[in-house]
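The values are calculated or read from the model by the stated rules, or taken from the named source; none is laboratory data. Every value quoted in this text rests on a predicted model; they were computed, and no experiment measured them. As a convention, Cβ positions derive from the backbone with ideal geometry for all residues, glycine included, and neighbour counts pool all protein chains shown.
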Amino acid sequence: MARTNRGSVRGVVTDGIHTFLGIPYAAPPVGADRLRPPRPHASWDGVRDATRPGAEPPQVAPPRTGGPVAGAAEDWDQIGEAFGAVVRGDPSTECLNLNVWTPDPGAAGLPVMVWIQGGMFELSSTAAYDGTAFARDGVVCVVLNWRPGAEGFLYLDDGIADLGLLDQVAALEWVRDNVAAFGGDPGNVTVFGESAGAMSIGCLLAMPRAAGLFRRAILQSGAGHHVSEPEDALRIAHDLAHRLGVPPVRDAIAGAGVARLLAAQAEQKQDLLAHPDPERWGPALVTSTMPWQPVVDGVVLPAPPIDLIAAGSARDVDVVVGTNTEDWRLWLLVSGAFAGITDEVLTSAVRAHGYQCLEAYGLEAQAALRAYRERYPHAVPGDLLAAVQTDWWMRIPAIRLADAHVRRARVGTGTYMYEFAWAAPGLGAVHALEVPFVFDTARPDAPLFGPLLGPDPPQELARTMHSAWISFATTGDPGWPAYERDGRATMRFDTTSSVVHDPRAWERAFWKDLR
């Protein structure tokens, strides 16, 4: 049992690990609180059961487009379900909740790691993330739900914005106020996350509301570039209201109900993918295909995160940032688009092929195709597109965040970079593949990620990566040299892991004049 500032909770003990599930960190976002910032949860009497997972926020995954590519993985149905299934959620229950794993609630001063999961800002589920291995190794691990999609990022220029980020801040405030009751040190908190979770951390590094809530940050395949401008976010909000048949005001959209909102959101995303017209949606959204990104509203997020980090907003936070070698290849394979990519698609007009052409990424198509083909002489067109998308989405933003942070970090504050290079059979070193290694759950039957790993994932790599994350959370040192703009030391994780220096010099040079 543990006592929080709202009441006591009773979890379960298994093999010495104390697990507390579904603890609310904010009030249910219902009634007058629907589509509004999180509020503190009311206190409760007695002891609250914390032995079962809490409710998930309302959400719907984006639809799949096209069929799988033969031979790319052994079980495409499982992978498709993992990344394209509708997910249930009910805001009438306490969906703003978190899970805690600890080796000993009676301990004191244990390092704390708070996981913010990915999901394109359209998913938020704690179900696939088990913090047992972190607790086994002396860390208090927290995994939290937060509102995704329209529930979390509807922007109407009405003084309310980025509710999903504010949920994350509320959860971190809960950690600050309560983690000592689980044996943790509120002064030694590391946030870590992947994809949209890492992009969220990029925002948290820049947000005034999040200042002082964490000491360290690990950003896995996400950084500080991909956010929406207000005009693009308004375009999406007005389109959603039109589909609902209500005025574009917050109370009217909330009044449409959860089921109608999710249906309209799914219809909107399908429409965007099927008809990627930049005049209709805006060029930025056609490229990103993520309508519910955080919005630079001027208050919650005063400016693009990378600009604020470059100005020193994260000067006191130790940072690890990195990517996977072939991050974006996953989405081309899962969607079925990979086999249909040709040179003609890569060099066609944006209007014709949306995010599948090179011009969408700010490139001169023919010159970019020649440059990437010279860089990757044996690659097929699908792989060339995956390399461009990986650089645009992940690699260049990560490098630029590391460069910005190391310039402004205070003496004694570290910047570190990594690349995850282990290639899963039939897939490569794709997006999200590193997550089960970080959690030391790299096995074929692992929830969500198991189908990606193949039959025999390397356990030594899992031990190496998991241990590095714990070392960083404990001491600020992950076990390899710090990143400096001269040497650019980068830990490359593979079956044999080693430090390499400036491994992406070509990509840096190619993209140096592109935003």
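Out of contact with any strand residue (DSSP E or B) (no Cβ under 6 Å at 6 or more places or on another chain), within 18 Å of Asn188 (Cα to Cα), surrounded by fewer than 22 Cβ atoms within 10 Å (Cβ to Cβ) and of a type outside the set (Asp, Glu): does that describe Ala108? Yes. Looking at Ala310, is it among the small types (Gly, Ala, Ser) and without any contact (Cβ under 8 Å) to a residue 24 or more places away in the chain? No. Across region 29-59, the number of residues qualifying as closer than 28 Å to Gly257 by Cα, in contact with a Ser or Thr (Cβ under 7 Å, 6 or more places away or on another chain) and at pLDDT 95 or above comes to 0. Looking across region 203-252, the residues that are small (Gly, Ala, Ser) and in contact with a strand residue (DSSP E or B) (Cβ under 8 Å, 6 or more places away or on another chain) come down to Ala217, Ser221, Gly222, Ala223, Ser228, Ala233.
Return the total of residues in region 194-233 being more than 17 Å from Gly164 (Cα to Cα) and assigned to a helix (DSSP H, G or I). Number satisfying all stated conditions: 2.
The residue of region 1-13 that is nearest to Pro40 (Cα to Cα), among those that are surrounded by fewer than 20 Cβ atoms within 10 Å (Cβ to Cβ) and either in contact with a His (Cβ under 8 Å, 6 or more places away or on another chain) or among the basic types (Lys, Arg) (or both), is Arg6.
Can you spot a residue in region 193-210 that is basic (Lys, Arg), modelled with pLDDT of 95 or more and either under 15 Å from the mean Cα position of the chain (by Cα) or crowded, with 17+ Cβ neighbours inside 10 Å (or both)? Yes, region 193-210 contains at least one residue that is basic (Lys, Arg), modelled with pLDDT of 95 or more and either under 15 Å from the mean Cα position of the chain (by Cα) or crowded, with 17+ Cβ neighbours inside 10 Å (or both).
Scanning region 380-413 for residues that are surrounded by 24 or more Cβ atoms within 10 Å (Cβ to Cβ) and over 24 Å from Ala429 (Cα atoms) returns Ala404, His405. Report yes if Phe510 is of a type in the set (Phe, Trp, Tyr) and either assigned to a strand (DSSP E or B) or over 17 Å from Met417 (Cβ atoms) (or both), otherwise no. Considered against the rule, which asks whether it is of a type in the set (Phe, Trp, Tyr) and either assigned to a strand (DSSP E or B) or over 17 Å from Met417 (Cβ atoms) (or both), Phe510 comes out as yes.
Every residue in region 14-26 that is buried (at least 16 other Cβ atoms within 10 Å of the Cβ) and in a loop (DSSP other than H, G, I, E, B), please.
Answer for region 14-26, where residues must be buried (at least 16 other Cβ atoms within 10 Å of the Cβ) and in a loop (DSSP other than H, G, I, E, B): Tyr25, Ala26.
On the stretch given as region 247-259, residues that are in contact with a Lys or Arg (Cβ under 9 Å, 6 or more places away or on another chain) and without any contact (Cβ under 8 Å) to a residue 12 or more places away in the chain total 2.
Residue count for region 101-128, restricted to those that are under 30 Å from Val227 (Cβ atoms) and in contact with a Cys (Cβ under 9 Å, 6 or more places away or on another chain): 5. May I ask you to verify whether Val321 is under 20 Å from Asp162 (Cα atoms), in contact with a helix residue (DSSP H, G or I) (Cβ under 7 Å, 6 or more places away or on another chain), crowded, with 24+ Cβ neighbours inside 10 Å and not basic (Lys, Arg)? In short, no.
For region 362-370, the count of residues that are acidic (Asp, Glu), in contact with a Leu (Cβ under 9 Å, 6 or more places away or on another chain) and closer than 30 Å to Pro291 by Cβ is at least one.
A quick yes/no check of all residues on (1) surrounded by 24 or more Cβ atoms within 10 Å (Cβ to Cβ); (2) acidic (Asp, Glu):
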| residue | (1), (2) |
| --- | --- |
| Thr102 | yes, no |
| Ile116 | yes, no |
| Gly119 | no, no |
| Thr132 | no, no |
| Asp137 | no, yes |
| Cys141 | yes, no |
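For region 426-449, the tally of residues that are at pLDDT 95 or above, of a type outside the set (A, V, I, L, M) and either under 17 Å from Leu330 (Cα atoms) or not in a loop (DSSP other than H, G, I, E, B) (or both) stands at 5. Criterion applied to Ala473, Ala462 was being without any contact (Cβ under 8 Å) to a residue 40 or more places away in the chain, under 23 Å from the mean Cα position of the chain (by Cα) and surrounded by 14 or more Cβ atoms within 10 Å (Cβ to Cβ), and the one residue passing it is Ala462.
Test Arg176 against the stated conditions and say whether it is charged (D, E, K, R), touching a residue at least 24 places away in the same chain (Cβ under 8 Å), assigned to a helix (DSSP H, G or I) and touching a helix residue (DSSP H, G or I) at 6+ places or on another chain (Cβ under 6 Å). Criteria not met by Arg176.
Would you check which residues across region 362-377 are part of a helix (DSSP H, G or I), loosely packed, with under 14 Cβ neighbours inside 10 Å and without any contact (Cβ under 8 Å) to a residue 24 or more places away in the chain and list them?
Gln366, Ala367, Arg370, Glu374
Identify all residues within region 113-171 that are β-branched (Val, Ile, Thr), closer than 16 Å to Pro436 by Cβ and in a loop (DSSP other than H, G, I, E, B); write none if there are none. Within region 113-171, Thr126 is the sole residue that qualifies.
Considering only region 498-515, how many residues are surrounded by fewer than 20 Cβ atoms within 10 Å (Cβ to Cβ) and either hydroxyl-bearing (Ser, Thr, Tyr) or at pLDDT 95 or above (or both)?
Pass one, region 498-515, residues surrounded by fewer than 20 Cβ atoms within 10 Å (Cβ to Cβ): 498-503, 505-510, 512-515.
Restricting the remaining residues to those that are either hydroxyl-bearing (Ser, Thr, Tyr) or at pLDDT 95 or above (or both) gives 498-503, 505-510.
Counting residues in region 498-515 that are surrounded by fewer than 20 Cβ atoms within 10 Å (Cβ to Cβ) and either hydroxyl-bearing (Ser, Thr, Tyr) or at pLDDT 95 or above (or both) gives 12.
Hey, does region 281-300 have a residue that's within 25 Å of Gly31 (Cα to Cα), touching a helix residue (DSSP H, G or I) at 6+ places or on another chain (Cβ under 8 Å) and among the aliphatic types (A, V, I, L, M)? Yes, some residue in region 281-300 is within 25 Å of Gly31 (Cα to Cα), touching a helix residue (DSSP H, G or I) at 6+ places or on another chain (Cβ under 8 Å) and among the aliphatic types (A, V, I, L, M).
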